[in-house]
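S.K.: Dropping a structure here in structure tokens format, bear with me for questions.
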Amino acid sequence: MSTVRFMAALLLSLLFVPSAVADELPGIPAFIDEMVAKHHFKRAELERLFQRAQYKQSIIDAITTPATSKPWPEYRAIFVNDQRISAGLKFWKRHARTLRRAEREYGIPQEIIVALIGVETLYGRHAGNYRTIDALTTLAFSYPQRAAFFRGELEQYLLLARDHDFNLLEVKGSYAGALGLPTFMTSSYRKSAVAYH
């Protein structure tokens with residue numbers, strides 16, 4: 001093999017290195033034991049789940065890279081602009097009945113709810129690209145600074161999926177495992193979420 005082809009093959013192999021399988025992370029077996037004992041999950045199902053979950057270095061990189069702190073005048077243009085105002089008005093109009101009901105029942109002004117959803121996800125356009133199982137597993141077992149918090153969120157995610165019968169491998173959210181339009185953590189969904197149909 002020529003040097004050029006060898007280098008090209010080496011470069012391609014480095015570009016396509018798969019993420020580490022999460023079930024190899026220390027702490028997963030004990031977590032599975034706890035979920036089986038405490039919440040009566042089936043061991044084999046959890047083992048299969050964690051064999052498909054992925055450790056993602058990009059998640060660790062994202063959470064450890066400090067966000068740039070700017071004064072409000074510098075941030076204002078990002079959040080108060082024609083695109084967000086237009087999207088916010090459309091969202092508000094489309095969900096007017098639900099927003100009125102939420103304001104009436106919980107006392108939170110509609111404009112606050114609409115604004116928060118706009119800031120967090122631009123009305124669902126930027127709700128996150130990380131699989132939630134990967135984010136929570138990576139942070140629970142590879143981010144010691146907040147491992148206990150994320151381990152609890154992983155527990156709540158498994159319970160949320162069981163309660164609502166959704167596929168744990170399909171849900172995507174933020175690099176921190178936050179979900180949905182308001183980017184709430186799974187414990188907040190289980191504690192406070194209300195489904196309006």
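The values are calculated or read from the model by the stated rules, or taken from the named source; none is laboratory data. Keep in mind it's a predicted model, so treat the numbers as computed, not measured. Methodologically, a virtual Cβ is constructed for each residue, glycine included, from the backbone with ideal geometry; neighbour enumeration extends over all protein chains shown. Side chains included, ligands, DNA and RNA excluded: accessible areas come from the protein's heavy atoms. Shrake-Rupley method; radii C 1.70, N 1.55, O 1.52, S 1.80 Å.
S.K.: Could the peptides 26-35, 51-60 be put in order, highest first, of the mean number of other beta-carbon atoms found within 10 Å of their residues? Walk me through the intermediate numbers first.
M.R.: Details: 26-35: 14.8, 51-60: 17.5.
The packing order, highest mean first, is 51-60, 26-35.
S.K.: So how long is each side of segment 72-128 along the principal axes, counting just the alpha-carbon atoms, biggest first, in Å?
M.R.: For segment 72-128, the Cα spread along each principal axis is 35, 22, 21 Å.
S.K.: For n ≥ 4 DSSP H runs only, could you compute -39500 (n - 2.57) per run for the chain, divide by its residues and tell me the 222 nm figure to the nearest 500?
M.R.: Numbers: 11 runs with 123 residues, N = 197.
Result for the chain, helices only: -19000 deg cm²/dmol.
S.K.: For segment 60-132 and segment 138-156, what is the centre-to-centre distance using only Cα atoms, to the nearest Å?
M.R.: First find each Cα centre; the distance between them is then 26 Å.
S.K.: Next question. Per the 1.4 Å probe, what fraction of the accessible area of segment 104-149, in percent, lies on carbon and sulfur atoms? Write out the running numbers ahead of the final one.
M.R.: Numbers: 1370 of 2460 Å².
Of all accessible area on segment 104-149, carbon and sulfur atoms account for 56 percent.
S.K.: Hey, any idea what the orientation-averaged projected area of the convex hull of segment 137-197's Cα atoms comes to, in nm²? All intermediate terms of the calculation are to be shown ahead of the outcome.
M.R.: Values: hull surface 17.6 nm².
For segment 137-197, averaging the hull's shadow over all directions gives 4.4 nm².
S.K.: OK, next. If amide H atoms are built 1.01 Å from N in the plane of the peptide, which residues on other chains or at least 5 residues away come under 5 Å of the amide H of VAL171?
M.R.: Here the answer is THR132, since their amide H atoms fall under 5 Å of that of VAL171.
S.K.: Two-decimal Rg/Rh of the chain from alpha-carbon positions, Kirkwood Rh?
M.R.: Values: Rg = 20.5 Å, Rh = 19.4 Å.
Taking Rg over the Kirkwood Rh, I get 1.06.
S.K.: Using a 1.4 Å probe, what is the accessible area per residue for the chain, in Å²? List each step's numbers first, then the result.
M.R.: Values: 12670 Å² over 197 residues.
Dividing the accessible area of the chain by its residue count gives 64 Å².
S.K.: Where a Cα-Cα gap under 25 Å defines reach, which lysines qualify for LYS42, not counting those fewer than 8 residues away within the same chain?
M.R.: LYS172, LYS191
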